[in-house]
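Undergrad: Can you keep this structure in mind? I'll have questions shortly.
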Amino acid sequence: MVQKRGVRKSSARGKSVKKRVPKKNATKSSPKRKKTRKAPARKVPSKKSRKSSKKLHEIPHFQRDYSMFTGKKLFLLLIIIVLILAVLNIAKEQGLLIPKQGEIDIDGNTVRLSSMSIEQKVAQMVVVGGHPSSFPVWKNMEVGGIHLFAMQTAHIFNNTIVDFQYKQPIPFFVTADLEGCVTPFGHIQNFSAASEVRTIGEAFEKGFREGQFLRRIGFNLNFAPVVDLEDHIWNCRTFPGNESEIAELAHSYVLGLQNNGVIATAKHYPGKTLVVKDPHKFVVAAHINEQDVSPYAYLKGKGDVKAIMVSHIITTGEVDSNGIPSVVSPEVIGDLKKNYDGLIISDEIHMLGLKNFYNSVEEMYVGVYAAGNDIILNFDRDPNEVYRMIKVVSEAVREGDVSETQIDSSVRKILEAKGFVVE
């Protein structure tokens with residue numbers, strides 16, 4: 001078989017492969033042309049897709065289906081919204097949304113009373129429970145005082161008080177309750193119970209030691225001494241003796257305490273508060289005789305005690321509260337103010353002896369202000385509730401249910417007790 005020239009036959013795995021053999025005397029071949037890639041053919045949109053695209057451009061933005069907000073992105077958005085609402089709710093519960101009061105005109109040691117709003121005046125009459133978590137809220141509300149409960153050390157007490165008072169234009173009353181055998185300082189400093197005091201000298205020494213201790217760590221108002229004639233609840237809060245002896249011991253205690261710059265508070269007017277059911281738990285009533293009020297008359301006559309606390313007891317007899325708790329009786333407080341220009345302080349208003357007397361707390365709030373108390377103790381832990389009281393009473397002042405003249409008189413006494421000159 002004759003092979004064609006220029007072609008060689010070979011086999012690979014049984015297959016014949018043609019292999020080009022260069023021709024003899026062949027000239028140099030011209031350079032090869034570069035192969036060019038063909039551009040992919042453009043897909044021509046179908047009539048259907050052209051039609052839908054055209055329709056999409058014609059649809060207004062607010063009617064389009066934005067699928068990007070579905071799935072994970074929508075879930076993330078919901079989480080963010082929930083977190084924001086949770087933070088706002090926590091802030092509200094802690095009173096952080098309560099607005100800051102306006103600026104009061106204070107020039108050195110002089111306060112211009114007319115520069116205070118009704119809300120600021122009403123707030124200045126409140127002593128609240130001074131829980132450290134509520135620092136910013138009480139400062140914004142500009143309440144008149146804070147009451148501190150038990151803490152671990154005197155150093156912690158002092159630091160807490162310094163933090164509260166820092167940059168406060170009108171300083172707080174910082175109050176304690178050293179009324180007898182149980183005190184918030186029992187694990188820090190021991191003090192004798194009032195029932196253990198026998199002489200005028202011992203009473204003065206007790207008052208002096210307590211005043212020295214309180215002043216050193218920052219307190220300026222003490223809810224003591226108790227001048228009830230008997231204590232059937234704890235059996236330790238009253239001085240021993242008859243009404244005259246109790247009055248003299250109480251007066252000596254007041255002098256010792258106030259020698260250290262701490263205001264003393266005689267309580268619980270008009271008496272018999274500790275011989276009936278506990279007014280912390282029950283609405284209680286008692287008949288008051290001349291002996292019960294004798295220590296108060298003695299202390300008022302001496303002119304030294306700077307504050308008197310009124311109880312929630314409903315009274316008849318020498319002091320008649322007309323069927324309502326003494327602390328909300330204008331007659332009881334009006335008689336107490338005769339020949340006395342000191343501070344009138346309510347007992348804590350959320351005690352059930354007062355709270356259960358009313359159908360609503362709003363009515364109670366207005367009642368304790370309208371009766372003529374200068375300082376209201378409201379230890380509710382919820383700042384929003386204290387703020388609600390301030391708003392309710394402020395509105396009652398505007399409507400004439402609480403005398404603004406009376407409010408001004410109370411605030412003036414408070415500011416003067418804090419060392420200000422009031423114009």
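All of the numbers you see were taken from the coordinates with simple rules; none came from a lab. For clarity, every value in this text was computed on a predicted model and none was experimentally measured. Note that each Cβ is placed from the backbone with ideal geometry, even for glycine, and that neighbours are counted across all protein chains shown.
Undergrad: Convert 25 °C to kelvin, take the viscosity as 0.890 mPa s, use the Kirkwood radius over C-alpha pairs of region 314-385 as Rh, and evaluate the Stokes-Einstein diffusion coefficient in µm²/s, rounded to a whole number.
TA: In µm²/s, the coefficient is 192.
Undergrad: For Met309, which sequence-distant residues (separation of 5 or more, or a different chain) have an amide H within less than 5 Å of its own amide H, given hydrogens modelled in the peptide plane?
TA: Ala266, Lys267, Tyr269, Ile345
Undergrad: From the Cα gyration tensor of region 240-292, with a ≥ b ≥ c the square roots of its eigenvalues, which class applies: rounded if a/c is under 1.5, or else prolate if a/b is larger than b/c, or else oblate?
TA: Oblate, because a/c is 1.5 or more while a/b does not exceed b/c.
Undergrad: Calculate log10 I(q)/I(0) of region 105-422 for q = 0.08 Å⁻¹, where I(q) comes from the Debye formula with a single equal point scatterer on each Cα and nothing for solvent.
TA: Scattering profile of region 105-422, log10 relative to I(0): -0.33.
Undergrad: Return an integer: the convex hull volume of the alpha-carbon atoms of region 117-236, in Å³ per residue.
TA: Working: hull volume 15.1 nm³, N = 120.
Each residue corresponds to 126 Å³ of Cα convex hull volume.
Undergrad: Right, next: Calculate, for Asp335 and Thr153, the FRET efficiency according to 1/(1 + (r/R0)^6) with r their C-beta to C-beta distance and R0 41 Å; round to the nearest 0.05.
TA: 0.40
Undergrad: What whole-number value in cubic angstrom gives the convex hull volume per residue for the C-alpha atoms of region 264-405? Write down the numbers at each step before the final one.
TA: Working: hull volume 15.2 nm³, N = 142.
Cα-based convex hull of region 264-405, divided per residue, equals 107 Å³.
Undergrad: Now a separate question. In nm, to one decimal, how far is the modelled label at His287 from the one at Phe191, with both set 7 Å along Cα→Cβ?
TA: 3.6
Undergrad: Among the listed pairs Lys300/Lys418; Lys73/Lys100; Lys272/Lys355; Lys167/Lys338; Lys100/Lys277, give every one whose C-alpha distance is greater than 31 Å. If you can, show how the numbers build up before the last one.
TA: On the way: Lys300/Lys418 21 Å; Lys73/Lys100 38 Å; Lys272/Lys355 19 Å; Lys167/Lys338 37 Å; Lys100/Lys277 41 Å.
Pairs exceeding 31 Å: Lys73/Lys100; Lys167/Lys338; Lys100/Lys277.
Undergrad: Evaluate the charge dipole of region 105-422 about its Cα centre and quote only its size in Debye, nearest 20, assuming +1 on the Cβ of each Lys and Arg and -1 on the Cβ of each Asp and Glu. Walk me through the intermediate numbers first.
TA: Values: 27 positive and 40 negative charges, 165 e Å.
It comes to approximately 800 debye.
Undergrad: Considering the dipole of region 105-254 built from charges on the beta carbon (Lys and Arg +1, Asp and Glu -1) around the Cα centre, which of Asn158, Ala250, Val122 is farthest to its positive end?
TA: It is Asn158, whose Cα lies furthest towards the positive end.
Undergrad: For the residue pair Ile106 and Asp380, what label-to-label distance in nm results when each label sits 7 Å from Cα along the Cα-to-beta-carbon direction?
TA: 2.6
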